[in-house]
Amino acid sequence: MARNEEKAQSMLNRFIALKAEEKKKPKEQRPYLASECRDLAEADKQRQQIMREIGRKVAEIQNEGLGEHRLRDLNDEINKLIRKKSHWERRIVELGGPNYTKHSAKMTDLDGNIVDVPNPGRRGPGYRYFGAAKKLPGVRELFEKPPELRKRRTRYDIYKRIDASYYGYRDDEDGVLERVEGLAKVKMRVEAEEEWRRMEEIRREAKKAVKSGEVASVGVLKDLLFEEEEDVVEEERREMEREKIEKEREFVVHVPLPDEKEIEKMVVERKKMELLKKYATEGLVEEQNEAKALLNIHR
């Protein structure tokens, strides 16, 4: 029995294959420019072919063992096909077809997050990276996010968060401060009462010792003298504060001020001048001034 290779090389099989090739239509080449196409169905067909080519190359570029040069070449070919696809999509829209650019795929980083496509020229779909090409040296850095710098707060931002609680106006609302101050108040009151009782006891003992002529103990006399000295110092301090307040309230006038009589006299003179200006004529005023000058009256 003949092998398959021998069957394929037989005259009959080669004749049949040649006839089948002749019956086939010549392979159509894609138009160089998308604008040359006038048929919407043909433009959509060309787009579908480009999409299949892109899919095959994207599947191939996932292999990291191809080497850096092969990966870069594949990535360039895919971007070239994407540019062609965008041309055909634009042509489809011009021919009245659907707009495929609205649903175009986004580029993602190594973690799967959507990132912006590098497009310095602001023309076309930009340059994308696929598969293992994202891990090439110089490309990985493009997908790394720069560390976020902590923005320094301005004075306006600081004051915007300040309210009544910052100044302690709401400390009494929760009741915590009232409880703490209540305990401290009771403790201070007890200590003050104990100190007052002790000093009263010392005074009574000192008075009894003076009346009876006995010599009081040295510690009792020291406490009594110290208490009296404190009272004297406190009284002097209060007196100094009182004098200081009185001096501040005292107002010193550096110019002479008129008394009540002088003020009344000036008011009468002003009213008299107003009446003269209102009822007296210029001739009468001149005669009056001449009479005052003759009589040597300067009022």
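The values are calculated or read from the model by the stated rules, or taken from the named source; none is laboratory data. The structure presented is a predicted model; accordingly, all values stated were derived computationally and were not measured. Note that each Cβ is placed from the backbone with ideal geometry, even for glycine, and that neighbours are counted across all protein chains shown. Heavy atoms of the whole protein, side chains included, go into the accessibility calculation; ligands, DNA and RNA do not. Shrake-Rupley method; radii C 1.70, N 1.55, O 1.52, S 1.80 Å.
Being open to solvent by 40 Å² or more (accessible area, probe 1.4 Å) and over 22 Å from Gly126 (Cβ atoms) is not true of Gln62. Would you check which residues across the range 71-83 are modelled with pLDDT of 90 or more and open to solvent by 40 Å² or more (accessible area, probe 1.4 Å) and list them? Those that are modelled with pLDDT of 90 or more and open to solvent by 40 Å² or more (accessible area, probe 1.4 Å): Arg72, Asp73, Asp76, Glu77, Lys80.
Filtering the range 164-187 to residues that are open to solvent by 100 Å² or more (accessible area, probe 1.4 Å) and either part of a helix (DSSP H, G or I) or in contact with a Phe, Trp or Tyr (Cβ under 8 Å, 6 or more places away or on another chain) (or both) leaves Glu178, Arg179, Glu181, Leu183, Lys185, Lys187. Residues of the range 125-163 that are more than 21 Å from the chain's Cα centre (by Cα) and surrounded by fewer than 10 Cβ atoms within 10 Å (Cβ to Cβ): Pro137, Gly138, Glu141, Glu144, Lys145.
Conditions (1) at pLDDT 75 or above; (2) acidic (Asp, Glu); (3) under 16 Å from Leu71 (Cβ atoms), marked per residue:
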residue: Ala105; (1), (2), (3): no, no, no
residue: Gly112; (1), (2), (3): no, no, no
residue: Val115; (1), (2), (3): no, no, no
residue: Pro118; (1), (2), (3): no, no, no
residue: Pro125; (1), (2), (3): no, no, no
residue: Arg128; (1), (2), (3): yes, no, yes
residue: Ala132; (1), (2), (3): yes, no, yes
residue: Lys135; (1), (2), (3): yes, no, yes
residue: Glu141; (1), (2), (3): yes, yes, no
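Just to be sure, is Glu230 of a type in the set (D, E, K, R), modelled with pLDDT of 75 or more and either more than 30 Å from Phe130 (Cβ to Cβ) or open to solvent by 100 Å² or more (accessible area, probe 1.4 Å) (or both)? The answer is no for Glu230.
In the range 193-212, the count of residues that are at pLDDT below 80, closer than 30 Å to Asp76 by Cα and surrounded by 10 or more Cβ atoms within 10 Å (Cβ to Cβ) is zero.
Among the residues of the range 263-285, none qualifies, meaning not one is under 60 Å from the mean Cα position of the chain (by Cα) and at pLDDT 75 or above.
For first residues located in the range 196-209 and acidic (Asp, Glu), partners that are open to solvent by less than 100 Å² (accessible area, probe 1.4 Å) and part of a helix (DSSP H, G or I) and lie 6+ apart or on another chain with Cβ distances below 9 Å form the pairs Glu205/Val220; Glu205/Leu224.
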